[in-house]
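J.: Quick one: the structure is below, questions incoming.
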Amino acid sequence: MQPIISSKTPIRRRKPVKFRLGSALIYMILTAWSLTTIYPLFWIVNNSFKVSKDVMNKSFALALDPVFINYTTAFDRINIGRSYMNSLIMSGSTVILVLILAGFAGYALSRFNFKGRRLIYSILYATLLIPAFATVVPVYEILIKTSLVNTYGGLIFPQTAGNLTFAILVIAGYMATIAKELEEAAFIDGCNRWQMLIKIFFPVSRPVFASVSIFVFLWSYNDLFSALIFVNKESVRPIVALLSEISSQYGTDFGLMATAVALTVIPVLIVYLFISKFIQKGLTEGAVKG
């Protein structure tokens, strides 16, 4: 006789989920922190749909009857669209220059052993300790002598120099983790140094280039200190410099100020939300290794 096989499958009991006080406390802290971060942004956007009087008297009330006069004023009277274009031109150019220069420098530092390599690394790390305020006077004198004050180059070149050290160290650290077997295989296939750099190292290093470009763009876009000193002319004024002038020209119009802040922050936040995965990928795949 054949043994009787039961068609019933054994029922697996789920293990009871244990409540951990530590995990609950962590989630409570993270929730409170997220609320303190998100609510100010909501407060700004909400008040941008109010007139100045309601912002003062009903600052925390919801804008149930929104008005759009502040947005109309932002584009018509203070020409915020022009400042947007200036910021995109300057920040975009800064990112391109930083990626090109840091890409070549990072490749040389990570794949070649030469005399003075450690010294260069030491100098790069030392420059990170120099505050930007200490270089304002000499940089401004150079810009005056080269007639770059109140031009796009007057902000692009200083910001490129200021972000270059960070970019070189991050890109060099990432390229150092690329397997040497890949490099040897490229040599066997007949690639020279230039072809290997363009066709292999740059494509493989796309995550770290994406991470660096995001950080450099955000730092350049939000650099109010340099913008106020090097490009204070209205025709080349970036959007962060425009915000500082609204308080003096339209000091009592708090609705307009809230609108300008919202128009400055919201686009950058949206872009960051879509490309944040590149930041995580670039940093977790060796971009911060030395």
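J.: List, please: which pairs have Cβ atoms under 6 Å, are six or more places apart or on different chains, and start with a residue in the stretch 55-69 that is within 15 Å of Leu256 (Cα to Cα) and end with one that is among the basic types (Lys, Arg) and in a loop (DSSP other than H, G, I, E, B)?
T.: That search, which allows pairs on different chains as well, returns Ala63/Lys50.
J.: Further question on the same structure: Could you please let me know if Val231 is hydrophobic (A, V, I, L, M, F, W, C), buried (at least 16 other Cβ atoms within 10 Å of the Cβ), modelled with pLDDT of 70 or more and in contact with a Pro (Cβ under 8 Å, 6 or more places away or on another chain)?
T.: When the stated conditions are applied, Val231 passes them.
J.: Another question about this same structure. Restricting to the stretch 121-139, what's the tally of residues that are over 25 Å from the mean Cα position of the chain (by Cα) and surrounded by 15 or more Cβ atoms within 10 Å (Cβ to Cβ)?
T.: The total comes to 0.
J.: Shifting gears a bit: Can you say whether Ile144 is under 30 Å from Leu182 (Cβ atoms) and without any contact (Cβ under 8 Å) to a residue 24 or more places away in the chain, as far as the supplied structure shows?
T.: It is false that Ile144 is under 30 Å from Leu182 (Cβ atoms) and without any contact (Cβ under 8 Å) to a residue 24 or more places away in the chain.
J.: Ok, one more. Identify the residue in the stretch 246-274 that is modelled with pLDDT under 70 and open to solvent by 50 Å² or more (accessible area, probe 1.4 Å) and, among all such residues, is farthest from Thr177 (Cα to Cα).
T.: Thr252
J.: Among the residues of the stretch 21-60, what is the count of those that are more than 18 Å from Ile266 (Cα to Cα) and open to solvent by less than 40 Å² (accessible area, probe 1.4 Å)?
T.: 4
J.: Any chance the stretch 165-179 includes a residue that's without any contact (Cβ under 8 Å) to a residue 12 or more places away in the chain, open to solvent by 20 Å² or more (accessible area, probe 1.4 Å) and touching a helix residue (DSSP H, G or I) at 6+ places or on another chain (Cβ under 9 Å)?
T.: No, the stretch 165-179 contains no residue that is without any contact (Cβ under 8 Å) to a residue 12 or more places away in the chain, open to solvent by 20 Å² or more (accessible area, probe 1.4 Å) and touching a helix residue (DSSP H, G or I) at 6+ places or on another chain (Cβ under 9 Å).
J.: Can you tell me which of (1) under 29 Å from Ser87 (Cβ atoms); (2) open to solvent by 20 Å² or more (accessible area, probe 1.4 Å) is the one Gln159 doesn't meet?
T.: Tallying (1) under 29 Å from Ser87 (Cβ atoms); (2) open to solvent by 20 Å² or more (accessible area, probe 1.4 Å), Gln159 fails exactly one: (2).
J.: What is the number of the single condition among (1) open to solvent by 20 Å² or more (accessible area, probe 1.4 Å); (2) in contact with a Leu (Cβ under 9 Å, 6 or more places away or on another chain) that Val212 does not meet?
T.: (1)
J.: Those residues that are among the polar types (S, T, N, Q) and surrounded by 10 or more Cβ atoms within 10 Å (Cβ to Cβ), I need them from the stretch 180-206; list them, please.
T.: Once the filter is applied, which keeps residues that are among the polar types (S, T, N, Q) and surrounded by 10 or more Cβ atoms within 10 Å (Cβ to Cβ), the stretch 180-206 yields Gln195, Ser205.
J.: Within the set of pairs 6+ apart or on separate chains, which have a first residue in the stretch 212-224 that is at negative phi and in a helix (DSSP H, G or I), a second that is open to solvent by 30 Å² or more (accessible area, probe 1.4 Å) and modelled with pLDDT of 85 or more, and C-beta atoms under 7 Å apart?
T.: Every condition considered, the pairs that remain are Val212/Leu99; Ser213/Leu99.
J.: Within the stretch 84-120, take every residue that is surrounded by 15 or more Cβ atoms within 10 Å (Cβ to Cβ) and over 20 Å from Thr160 (Cα atoms) and give me the one that is farthest from the chain's Cα centre (by Cα).
T.: Among residues in the stretch 84-120 that are surrounded by 15 or more Cβ atoms within 10 Å (Cβ to Cβ) and over 20 Å from Thr160 (Cα atoms), the one farthest from the chain's Cα centre (by Cα) is Arg111.
J.: Can Phe75 be described as more than 23 Å from the chain's Cα centre (by Cα), part of a helix (DSSP H, G or I) and at pLDDT below 85?
T.: For Phe75, the condition - more than 23 Å from the chain's Cα centre (by Cα), part of a helix (DSSP H, G or I) and at pLDDT below 85 - is met.
J.: Hey, does the stretch 173-195 have a residue that's of a type in the set (Val, Ile, Thr), assigned to a helix (DSSP H, G or I) and closer than 22 Å to Phe225 by Cβ?
T.: The answer is no; no qualifying residue exists.
The values are calculated or read from the model by the stated rules, or taken from the named source; none is laboratory data. Just so it is clear, the model here is predicted, and its values are computed rather than measured. Quick reminder, even Gly has a Cβ in these numbers, built from the backbone with ideal geometry, and neighbours come from all protein chains shown. Heads up: the accessible areas ignore ligands, DNA and RNA and are worked out on the full protein's heavy atoms, side chains in. Shrake-Rupley method; radii C 1.70, N 1.55, O 1.52, S 1.80 Å.
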